1. Can you give me the ranges of the helices (runs of 4 or more DSSP H) entirely in the stretch 1-95 with at least 1 residues that are surrounded by fewer than 17 Cβ atoms within 10 Å (Cβ to Cβ) and of a type in the set (D, E, K, R)?
2. Answer yes if at least one residue in the stretch 102-112 is surrounded by fewer than 18 Cβ atoms within 10 Å (Cβ to Cβ) and either in a loop (DSSP other than H, G, I, E, B) or within 13 Å of the chain's Cα centre (by Cα) (or both), and no otherwise.
3. Sort through F124, F75 and tell me the only one that's in contact (Cβ under 8 Å) with a residue 24 or more places away in the chain and within 25 Å of L6 (Cβ to Cβ).
4. Looking at N92 and the list (1) at pLDDT 95 or above; (2) closer than 28 Å to G34 by Cα, which single condition is not satisfied?
5. All but one of (1) in contact with a helix residue (DSSP H, G or I) (Cβ under 7 Å, 6 or more places away or on another chain); (2) at negative phi; (3) in contact (Cβ under 8 Å) with a residue 40 or more places away in the chain hold for R119; which doesn't?
Amino acid sequence: MEYSPLLGPVVALVAWSLVMLFWMAFARGRAFRGMGKGFKIAPGARGGDLDGKVAPQLQWPSHNYNHLMEQPTIFYAIVFALILMDFDAAINVYLAWGYVALRIAHSIVQATVNIVPLRFALFFLASLCLLSLTVHVGLRLWH
């Protein structure tokens with residue numbers, strides 16, 4: 001069976017999201033250890049409740065993991081639309097891989113140095129890739 005080359009970027013972004021999940025868990029573990037043994041987690045508490053209570057760097061991987069659960073859901077939807085339309089033209093494969101590479105770069109920046117203008121530039125470029133993929137689907141549907 002032959003698979004669409006567009007599945008590669010989908011699997012890569014899912015795998016990267018799992019890497020960030022473990023990075024987040026490791027950082028949260030460090031945060032909890034830093035709060036001492038007397039620290040209690042309130043019922044219904046969320047990870048965001050740690051903001052302002054632990055070093056900001058320990059929350060950056062968590063913030064990024066949340067970001068990977070947001071806009072990339074649109075990426076998955078549009079890529080699966082392309083696959084279902086059998087529209088895995090080279091430009092779409094390049095745009096999909098570009099989106100994934102830019103999101104990975106965004107994650108690394110956010111989870112390490114967290115320079116907002118750089119993060120924004122990476123997010124903007126990734127969003128242009130996503131917009132281009134969406135326009136391609138729209139044009140294909142229109143014609």
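1. 7-34
2. Yes, the stretch 102-112 contains at least one residue that is surrounded by fewer than 18 Cβ atoms within 10 Å (Cβ to Cβ) and either in a loop (DSSP other than H, G, I, E, B) or within 13 Å of the chain's Cα centre (by Cα) (or both).
3. F75
4. Of the numbered conditions (1) at pLDDT 95 or above; (2) closer than 28 Å to G34 by Cα, the odd one out for N92 is (2).
5. Unmet for R119, out of (1) in contact with a helix residue (DSSP H, G or I) (Cβ under 7 Å, 6 or more places away or on another chain); (2) at negative phi; (3) in contact (Cβ under 8 Å) with a residue 40 or more places away in the chain: (3).
So that you can scan it fast, the table gives a plain yes or no per residue for (1) within 23 Å of Q59 (Cβ to Cβ); (2) of a type in the set (F, W, Y); (3) touching an Asp or Glu at 6+ places or on another chain (Cβ under 6 Å):
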| site | (1), (2), (3) |
| --- | --- |
| L6 | no, no, yes |
| V10 | no, no, no |
| V19 | yes, no, no |
| M24 | yes, no, no |
| R30 | yes, no, no |
| M35 | yes, no, no |
| P43 | yes, no, no |
| R46 | yes, no, no |
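The values are calculated or read from the model by the stated rules, or taken from the named source; none is laboratory data. A quick note: this is a predicted structure, and the numbers were derived from the prediction, not measured. Cβ sites come from the backbone with ideal geometry, for glycine too, and all protein chains shown count toward neighbours.
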